[in-house]
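Everything below concerns the one structure shown next.
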Amino acid sequence: MVFLTLPLAGLLVRAPWPTLVERLGEPRVLEALRLSLVTATVATLVCLLLGVPLAWLLARVAFPGRRLVRALVTVPLVLPPVVGGVALLLVLGRRGLVGQWLDSTFGVTLPFTTAGVVVAETFVAMPFLVISVEGALRAADLRFEEAAATLGASRWTIFRRVTLPLIAPGIVAGAVLCWARALGEFGATITFAGNFPGQTQTMPLAVYLALETEPEAAIVLSLVLLAVSVVILASLRDRWVSGP
């Protein structure tokens, strides 16, 4: 317990409390915070758009290779984020397998752009959403959906009016975890999107840069991320303690 809490206590002890508010109001801090919030939110929306159908497919449809697909979905959880960033560069870079085609056909370039930050965050955060939603789908009582089907409801109506309300807590929990993971993403982001202030420099990257030149600023930025983490954990605590 001491091993886990002592580093966090170090942040609180060494924080420049007299100048904390002034430092939080610095333009570069606000810019990094704004960019982090925007990219993490957009990445979460992309994860919801792609992750919920994928979770439904894994939970409700039996198809060959389902275990392999489920394993591939969880790979970003154990893959070093820097390796994920390198993989994204090889696929979506200007000379990558897909990136070259995007650049020549549509003029779209993802690496070292704000959109690249969203792609990197989506890559590392989506497994949290898929796992949470798939678990909720497996725990949902199928008799409600079967009853709706016997009354003549279409599959889309059943999903929208019955399934979604049943798994809503799982979607919310997965989205919150997904957003928190995207907010704290570092390795894949700096590898795939770089570290450009106002464009790709999120809070974790700003902490890394400030640590080399201005440690007190790094502590202030770290406190912001710590506060966000504590709020998220506190909001989900009841769900984890009670369990599905």
* Here are some conditions: (1) within 21 Å of the chain's Cα centre (by Cα); (2) surrounded by fewer than 23 Cβ atoms within 10 Å (Cβ to Cβ). D103 meets all but one. Which one does it not meet? -> (1)
* Structure fact -> Within region 181-207, residues within 17 Å of S229 (Cβ to Cβ) and either outside any helix (DSSP H, G or I) or open to solvent by 20 Å² or more (accessible area, probe 1.4 Å) (or both) come out as R181, G184, E185, F186, T202, V207
* In region 71-97, which residues are surrounded by fewer than 17 Cβ atoms within 10 Å (Cβ to Cβ) and either over 24 Å from T113 (Cβ atoms) or touching a Lys or Arg at 6+ places or on another chain (Cβ under 8 Å) (or both)? -> A71, L72, T74, V75, L77, V78
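Kindly indicate whether any position in region 3-16 is assigned to a helix (DSSP H, G or I) and either within 23 Å of V172 (Cα to Cα) or basic (K, R) (or both).
For region 3-16, residues assigned to a helix (DSSP H, G or I) and either within 23 Å of V172 (Cα to Cα) or basic (K, R) (or both): present.
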* Filter region 34-47 down to residues that are out of contact with any helix residue (DSSP H, G or I) (no Cβ under 6 Å at 6 or more places or on another chain) and either more than 27 Å from F159 (Cα to Cα) or open to solvent by less than 70 Å² (accessible area, probe 1.4 Å) (or both), then give me how many there are. => 5
* Asked: Restricting attention to region 17-26, which residues are free of Cβ contacts under 8 Å to residues at least 60 places away in the same chain, in a helix (DSSP H, G or I) and within 15 Å of V224 (Cα to Cα)?
  -> W17, V21, E22
* To do: Filter region 2-33 for residues that are surrounded by 15 or more Cβ atoms within 10 Å (Cβ to Cβ) and at pLDDT 85 or above and give the result.
  => E31, A32, L33
* Kindly indicate the residue of region 122-160 that is of a type in the set (D, E) and not in a loop (DSSP other than H, G, I, E, B) and also most open to solvent (accessible area, probe 1.4 Å) among those meeting that condition. => E146
* Has region 35-46 got at least one residue that is over 16 Å from the mean Cα position of the chain (by Cα) and assigned to a helix (DSSP H, G or I)? -> no
* To do: Would you mind finding the one in A180, A193, A168 that is out of contact with any Asp or Glu (no Cβ under 6 Å at 6 or more places or on another chain) and modelled with pLDDT under 90?
  => A180
* To do: Looking for whichever is closer than 18 Å to S132 by Cβ and not in a loop (DSSP other than H, G, I, E, B) here; the options are G51, G85. Which one fits?
  => G51
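The values are calculated or read from the model by the stated rules, or taken from the named source; none is laboratory data. This structure is a prediction, so every number in the text was calculated from the model and none was measured. Heads up, the Cβs are rebuilt from the backbone with ideal geometry, glycines too, and the neighbour counts pull from every protein chain shown. The protein model used for the area step is the full one, side chains on, heavy atoms only, and it has no ligands, DNA or RNA in it. Shrake-Rupley method; radii C 1.70, N 1.55, O 1.52, S 1.80 Å.
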